[in-house]
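Everything below concerns the one structure shown next.
The values are calculated or read from the model by the stated rules, or taken from the named source; none is laboratory data. On a predicted model such as this, the values are computed, not experimentally measured, just so you know. Methodologically, a virtual Cβ is constructed for each residue, glycine included, from the backbone with ideal geometry; neighbour enumeration extends over all protein chains shown.
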Amino acid sequence: MMNTALIQSFDRVMNELYIEVKKEDFKNRCLALHKELNSPVMMMFAEDDRKENNDFKIYCVFLDKAARQWTIVKTKISPESKKFEALSKDVYSASIFERQIKEMFGIEAEGAIDLRALSLHDEVWPKGYYPQLKDFKIPGHDNLKSGYLFNKIQGEGIFEIPVGPVHAGIIGPGHFRFNVAGEPIINLETRLGFTHRGVEKLFEGKKIEEAIALSECISGDSVFAYSVAFCNAIEKIYGIEVPYQSQLLRAIFLELERMYNHVSDIGGIALDVGFSFCANYAAIIKENILSLNNELTNSRYLKGVNGIGGTSKKLDDKSRILLINSLISIEKDFNELKNMLLSNASFMDRVEKTGILRKKTAEDLGITGVVARASGVPIDLREISSETYKDEGFKLIKHQEGDVLARLNVRVEEFIQSLNLIRRFESKIKYVILGQAQDDTCLKEGFALGYTEAWRGALLFWVRTNKEGLIERCKIVDPSVHNWHGLTFAVLENIVPDFPVCNKSFDLSYSGNDL
Amino acid sequence: MINILKNRLKKGIVTKSISIDKVEIESLGRELQSAIKKKFGRSFHIREVDTGSCGACESEIIATTNPIYDLQRFGIDFVASPRHADALLVTGPVSKNMALALKKTYDAMPFPKFVITLGNCALNGGMFKDSYYVEGGVNKVVPVSFHIEGCPPAPIDIIKGLLRFVKS
């Protein structure tokens with residue numbers, strides 16, 4: 001068990017356990033928790049606290065599934081040293097966060113396996129400017145040169161294929177570099193950050209209402225999940241209990257979001273192997289769900305629906321009938337789609353055993369969401385988020401194979417489960433208490449971790465508010481942050497023409513990753 | 001195979017008829033086809049570039065090509081290369097990392113060329129205009145001829161916007 005003598009303080013806020021340790025003990029404490037809880041580093045970030053306490057803070061977050069809580073190791077480092085001991089040599093899932101901390105604060109993880117910049121490309125950004133420091137000033141441009149080093153794979157007959165940032169399709173920007181030996185891919189490196197808009201910095205100083213609107217503009221296909229995760233953090237800070245009826249309504253919208261995205265992915269997988277009839281069939285289903293969203297809430301992507309303490313829209317009787325009737329026709333169409341896909345031999349041939357992500361790799365990388373569950377890793381925050389799901393018979397859906405077909409199957413089964421969950425949630429709705437704008441008297445200083453299972457996977461928001469009730473620090477982890485790494489492993493030994501279908505089966509966010 | 005045939009027949013035609021200012025699109029479409037033929041030679045091809053959008057605009061652009069909206073029936077289509085394009089459709093507030101890529105894409109297009117912006121971010125940076133990492137609008141990087149507003153604009157609004165652009 002833990003050596004408690006080294007712990008400086010324990011602090012419990014709702015289901016978050018903060019363990020403060022000395023800088024020297026930080027690494028060991030994190031490694032011990034990683035092993036004990038069998039959790040990857042879910043999130044690691046820094047905070048500039050020089051104004052109040054003249055130090056920086058580093059937080060490392062683990063998920064304690066058994067206790068349904070978050071365990072967070074915290075340490076202080078002095079502004080003079082700006083260094084701490086890296087975890088990435090022992091826990092790979094920490095690597096991406098060490099790069100973020102170095103890039104945004106200039107705090108160096110000593111002994112890290114990689115400290116290259118992620119979003120601030122050196123072609124356009126001078127060295128030594130760290131945007132998330134409180135005293136940061138925008139630099140001028142002068143004599144910038146690219147110094148980014150891709151991994152070099154060399155040998156006879158090995159070719160390099162650079163792709164992007166502007167891709168052939170209607171999709172976000174990113175750069176991929178393939179190394180191929182003949183047809184098979186032997187290495188893939190991604191360089192992202194092209195859609196970096198400085199979102200975390202933009203949150204600072206925002207009022208809660210403005211911040212909700214901003215959270216809805218981060219990743220356009222997860223609008224509602226983002227607002228739920230953000231509001232969850234604020235509700236925890238304010239100590240607001242979301243009424244059961246409002247929780248049901250939120251769950252309905254979350255599942256609608258999951259459904260339109262899952263069916264869009266299923267269509268995308270069909271399209272990327274050239275099965276255009278099914279792709280168009282799926283597009284019709286997606287459009288029907290988006291139109292349903294529009295009729296229910298006046299927004300196809302559920303913008304402006306959520307608020308602190310609950311949703312600002314309610315479902316009247318007419319909407320409820322519309323919802324239930326629409327679900328019937330959506331289900332019918334979806335079953336047809338499923339049969340057409342899974343009974344087609346040439347389609348199955350393309351997706352089976354393509355793009356395999358092994359369970360061990362998925363665990364080491366900290367993969368979450370659909371991709372993790374298709375590789376046999378049982379992680380779904382709906383199990384721990386609220387009682388709503390558990391009561392209505394939610395079951396975690398998992399496959400073992402880790403190939404494109406497994407990810408397709410997880411989506412198919414989750415789509416059907418979401419349909420049934422919505423029906424059960426809807427039948428429990430009696431009345432709805434609407435979320436309300438908070439008046440200034442209850443503005444509170446504090447911090448909390450908000451979270452939800454977005455359709456892609458675990459979405460986390462760590463938020464601190466100041467005395468005036470404004471956002472002081474906001475750290476966001478989109479499921480794509482971990483999962484992009486998974487893609488680079490899944491495509492190995494596959495041929496380049498199968499990359500699009502592998503990529504679509506992951507369907508990751510550029511804007512959520514780059515922030 | 002039999003499943004596909006069966007569903008093809010069962011589903012029938014799902015394409016919506018669209019009216020602009022109470023004029024049915026079909027008649028408008030005929031008018032447009034002649035306009036497109038005159039100005040662009042048979043069809044109007046668009047290359048889409050995301051310069052840091054959240055992805056909702058892309059989702060709606062893709063939706064315009066689904067069987068319900070079926071943008072292609074008006075002779076408008078999306079292409080994979082700027083070299084095949086008559087116009088560039090740009091979304092997003094233009095992040096610093098994308099400014100050069102946008103410029104290069106524009107330079108790669110043949111004359112005559114146009115830039116259409118789509119979504120509030122592309123107009124002036126929208127929600128992100130105060131960020132340290134955005135240029136704040138597409139017109140800071142390349143000349144813009146037309147804007148389709150919304151956050152994101154619905155597929156119908158995109159189609160109407162594109163048709164208005166072609167007519168102008």
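Brief remarks follow.
- Residues of segment B:148-157 classified as buried (at least 18 other Cβ atoms within 10 Å of the Cβ) and more than 14 Å from chain A (Cβ to nearest Cβ), total: 1
- Criterion applied to A:A282, A:A233, A:A251 was being under 28 Å from A:I422 (Cβ atoms), in contact with a Ser or Thr (Cβ under 6 Å, 6 or more places away or on another chain) and in the same structural domain as A:R456 (by TED's automatic domain parsing), and the one residue passing it is A:A251.
- Against the numbered list (1) in a loop (DSSP other than H, G, I, E, B); (2) of a type in the set (G, A, S); (3) touching a residue at least 24 places away in the same chain (Cβ under 8 Å), A:S81 comes up short only at (3).
- Check on A:I308, closer than 27 Å to A:F499 by Cβ, among the aliphatic types (A, V, I, L, M) and surrounded by 15 or more Cβ atoms within 10 Å (Cβ to Cβ): no
- Single match in A:V410, A:V377, A:V370 (criterion: buried (at least 21 other Cβ atoms within 10 Å of the Cβ) and either free of Cβ contacts under 8 Å to residues at least 24 places away in the same chain or within 14 Å of another protein chain (Cβ to nearest Cβ) (or both)): A:V377
- One residue stands out in segment B:54-79 among those that are modelled with pLDDT under 90 and of a type in the set (A, V, I, L, M, F, W, C): the one that is nearest to B:Q33 (Cα to Cα), namely B:F74.
- Of all residues in segment A:266-295, those being farther than 18 Å from B:R8 by Cβ and either at pLDDT below 90 or among the acidic types (D, E) (or both) number 2.
- Screening segment A:457-515 for residues that are among the small types (G, A, S) and part of a helix (DSSP H, G or I) and picking the one that is farthest from the chain's Cα centre (by Cα) gives A:A490.
- Only residues that are within 10 Å of chain A (Cβ to nearest Cβ) and either loosely packed, with under 11 Cβ neighbours inside 10 Å or modelled with pLDDT under 65 (or both) were counted across segment B:6-36, and they come to 1.
- Filtering segment A:182-203 to residues that are among the acidic types (D, E) and surrounded by fewer than 17 Cβ atoms within 10 Å (Cβ to Cβ) leaves A:E183, A:E189.
- Among the candidates B:I68, B:I46, B:I62, the residue that is part of a strand (DSSP E or B) and among the aliphatic types (A, V, I, L, M) is uniquely B:I46.
Listed here are the residues, each with its yes/no results for (1) more than 26 Å from A:I269 (Cβ to Cβ); (2) of a type outside the set (D, E); (3) buried (at least 24 other Cβ atoms within 10 Å of the Cβ); (4) within 14 Å of chain B (Cβ to nearest Cβ).
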| residue | (1), (2), (3), (4) |
| --- | --- |
| A:K475 | yes, yes, yes, no |
| A:W484 | no, yes, no, no |
| A:A490 | no, yes, yes, no |
| A:Y510 | no, yes, yes, yes |
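- Every pair of residues 6+ apart whose Cβ atoms lie under 7 Å, when the first sits in segment A:328-349 and is over 14 Å from A:L271 (Cα atoms) while the second is surrounded by fewer than 20 Cβ atoms within 10 Å (Cβ to Cβ) and acidic (D, E): none
- Pairs, first of a type in the set (S, T, Y) in segment B:96-109, second surrounded by fewer than 14 Cβ atoms within 10 Å (Cβ to Cβ), C-beta under 9 Å, six or more apart: B:Y106/B:P143
- Of the set (1) without any contact (Cβ under 8 Å) to a residue 60 or more places away in the chain; (2) over 30 Å from A:G450 (Cβ atoms), all apply to A:D316 but (2).
- Filter result (out of contact with any Ser or Thr (no Cβ under 9 Å at 6 or more places or on another chain) and modelled with pLDDT under 80) within segment A:404-436: A:K430, A:Y431
- Per the conditions (1) acidic (D, E); (2) in a loop (DSSP other than H, G, I, E, B); (3) more than 10 Å from chain B (Cβ to nearest Cβ), the sole criterion not satisfied by A:E189 is (2).
Quick grid of which residues meet (1) in contact with a helix residue (DSSP H, G or I) (Cβ under 8 Å, 6 or more places away or on another chain); (2) among the small types (G, A, S):
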residue: A:S39; (1), (2): yes, yes
residue: A:A67; (1), (2): no, yes
residue: A:K83; (1), (2): no, no
residue: A:K102; (1), (2): no, no
residue: A:E110; (1), (2): no, no
residue: A:D114; (1), (2): yes, no
residue: A:E123; (1), (2): yes, no
residue: A:Y130; (1), (2): yes, no
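- So A:N179, is it more than 10 Å from every other protein chain (Cβ to nearest Cβ), surrounded by 16 or more Cβ atoms within 10 Å (Cβ to Cβ) and within 22 Å of A:D114 (Cα to Cα): yes
- Residue match in segment A:121-138 (condition: within 8 Å of chain B (Cβ to nearest Cβ), aliphatic (A, V, I, L, M) and farther than 30 Å from B:A63 by Cα): yes
- The criterion of at least 2 residues that are touching a Leu at 6+ places or on another chain (Cβ under 8 Å) is met by the following helices (runs of 4 or more DSSP H) wholly inside segment B:79-168: B:96-107, B:155-167.
- The set of residues from segment A:274-303 being surrounded by fewer than 20 Cβ atoms within 10 Å (Cβ to Cβ) and either more than 10 Å from every other protein chain (Cβ to nearest Cβ) or among the hydroxyl-bearing types (S, T, Y) (or both) comprises A:G274, A:S276, A:S291, A:E295, A:N298, A:S299.
- The lone exception for A:H196 - which of (1) assigned to a loop (DSSP other than H, G, I, E, B); (2) within 14 Å of chain B (Cβ to nearest Cβ); (3) over 17 Å from A:L508 (Cβ atoms) it fails: (3)
- Unmet requirement for A:I289, which otherwise passes all of (1) assigned to a helix (DSSP H, G or I); (2) over 25 Å from the mean Cα position of the chain (by Cα): (2)
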